[in-house]
Amino acid sequence: MTTKLFWNDSHLSRFDAQVVEAVEINARQAVILDQTAFYPEGGGQPCDTGTLNEVPVVEVQTDNDGRILHFLANGLTLAVGETVVGEINWLRRREMMQQHTGQHIISQAFFQLYGAETRGFRINDRLTEIDLTLELQPEEIEQAIVRAEELANGIIFDNREIRVHEVTSEEAAKLPLRKESFITDCIRVIEIDDFDWSPCGGTHAKRTGEVGLIAVRRWERAKKMTRLHFVCGSRALDDYRLANKSAEAAALKLTVGREEIEASVVRLLDDNKRLSRRVRELSELAANIEAAELLAASAFVGKMRIVEKVFADRDFDEAKLIAHRLVNEENVVALLAVREADMVRLVFARSANLTADMNALMKVACEKLGGRGGGKPDFAQGGGNQIEELQAAMKAASVMAAV
Ligand SMILES: [Zn+2]
């Protein structure tokens, strides 16, 4: 069985080892060592990466037999018996230890303050999450998070010692463990001085100060529990930088202080809603006027008037509104087109007293434009991207309408 050097010293980043077995799993090469500092994925903590004799180790997993498999980069392998120098990606390990140790601390903070247990834990790509049995009203949760954050960060700022104990189940039973251990022989207990005792097989900081800072990003209800997303250490700094950058940029654009951004955005959204309503009202008035002008400029074909118009870069909804207004009058066929950057959109409509089929007209016009369209006998819409055929399409529709 591989000796787990990461258990004896979580800060060991370089080590010597011997390759005892080389295996191929699903066409991927992996090696097993006599001892390793590589932490295999488990207990919510992602695995280490690094190198063995400069061959990249891309993933480390424990198999069903408890063997620690070091998966090597594509196509590369190491010989059995070979002595290797292993090097783990220390910045990644430190980042993971900060999240993992931070989780012990924040979990104990919620347990002490609210009796809430941690039922799930995952270090994700950017945020770490825990599922808490925290049953508070949504309006109470924000305050609870602030209190737990303050307790947890106080423990970090104390820079308390973190000790590892290997105990029997009888000895473990006498310790104030935050959670039960599923292991019965030699139990590894992580003690955060005078604060938390948890059975755990992960890698931890030596003192709480290494965690740097814990900041809760947000919470949500999930699986009938309270799911917390948080960041520790270097991730907290990255997260602060990102939040700071966007807050400063928003404050500058809004010409307000950071603390006024939210109120300012709410005001803008209200203004926007009010203005959109006003624009809709004015568009309807403008459509009435524009329809009347188009109608006045159109010629009679017998009793009927065919209003043909191509708009450049016009809002299509406005064009539809104008079409509706035009056919409010009797004996009108409206053939309207909107030219956009890379396509043409069409809306055809006719007065209720006429019989021409707009659906049929639309199909013919769209075919010429290399597109599709359809609708009802009195109102149809469509379009296509062969803009150069627009004139021919409109001509075909107008000839059909006049029959
Ligand atoms: Zn742990």
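The values are calculated or read from the model by the stated rules, or taken from the named source; none is laboratory data. Since we're looking at a predicted model, the values are computed, not measured. Here the Cβ positions follow ideal geometry from the backbone for every residue, glycine too, while neighbour counts run over all protein chains shown.
The table that follows gives values for the structure above.
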quantity	calculated
Only listed residue being buried (at least 16 other Cβ atoms within 10 Å of the Cβ) and among the small types (Gly, Ala, Ser), chosen from 120, 86, 81	86
Flag for residue 104 being more than 15 Å from residue 216 (Cβ to Cβ), outside any loop (DSSP other than H, G, I, E, B) and within 16 Å of the ligand (Cβ to nearest atom)	yes
Single residue of 61, 45 found to be without any contact (Cβ under 8 Å) to a residue 60 or more places away in the chain and either within 16 Å of the ligand (Cβ to nearest atom) or not β-branched (Val, Ile, Thr) (or both)	61
Scan of the range 207-235 for residues that are surrounded by fewer than 16 Cβ atoms within 10 Å (Cβ to Cβ) and either in the same structural domain as residue 9 (by TED's automatic domain parsing) or within 13 Å of the ligand (Cβ to nearest atom) (or both), ordered by number	none
Listing of strands (runs of 3 or more DSSP E) fully contained in the range 1-96 that carry 3 or more residues being within 30 Å of residue 119 (Cα to Cα)	55-62, 68-72
Answer from 139, 170 - the residue that is loosely packed, with under 12 Cβ neighbours inside 10 Å, over 18 Å from residue 106 (Cα atoms) and over 26 Å from the mean Cα position of the chain (by Cα)	170
Considering residues of the range 160-191 that are among the β-branched types (Val, Ile, Thr) and under 21 Å from residue 39 (Cα atoms) only, the residue nearest to the ligand (Cβ to nearest atom)	190
Within the range 100-117, considering residues that are surrounded by 15 or more Cβ atoms within 10 Å (Cβ to Cβ) and among the small types (Gly, Ala, Ser), the one nearest to residue 209 (Cα to Cα)	102
Where residue 202 falls short, out of the listed (1) within 15 Å of the ligand (Cβ to nearest atom); (2) at pLDDT 95 or above; (3) surrounded by 21 or more Cβ atoms within 10 Å (Cβ to Cβ)	(2)
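Results for (1) over 21 Å from residue 311 (Cβ atoms); (2) in a loop (DSSP other than H, G, I, E, B); (3) touching a strand residue (DSSP E or B) at 6+ places or on another chain (Cβ under 7 Å), shown as yes or no for each residue.
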{"site": "342", "(1), (2), (3)": "no, yes, no"}
{"site": "347", "(1), (2), (3)": "no, no, yes"}
{"site": "352", "(1), (2), (3)": "yes, yes, no"}
{"site": "355", "(1), (2), (3)": "yes, yes, no"}
{"site": "363", "(1), (2), (3)": "yes, no, yes"}
{"site": "366", "(1), (2), (3)": "no, no, yes"}
{"site": "373", "(1), (2), (3)": "no, no, yes"}
{"site": "382", "(1), (2), (3)": "no, no, yes"}
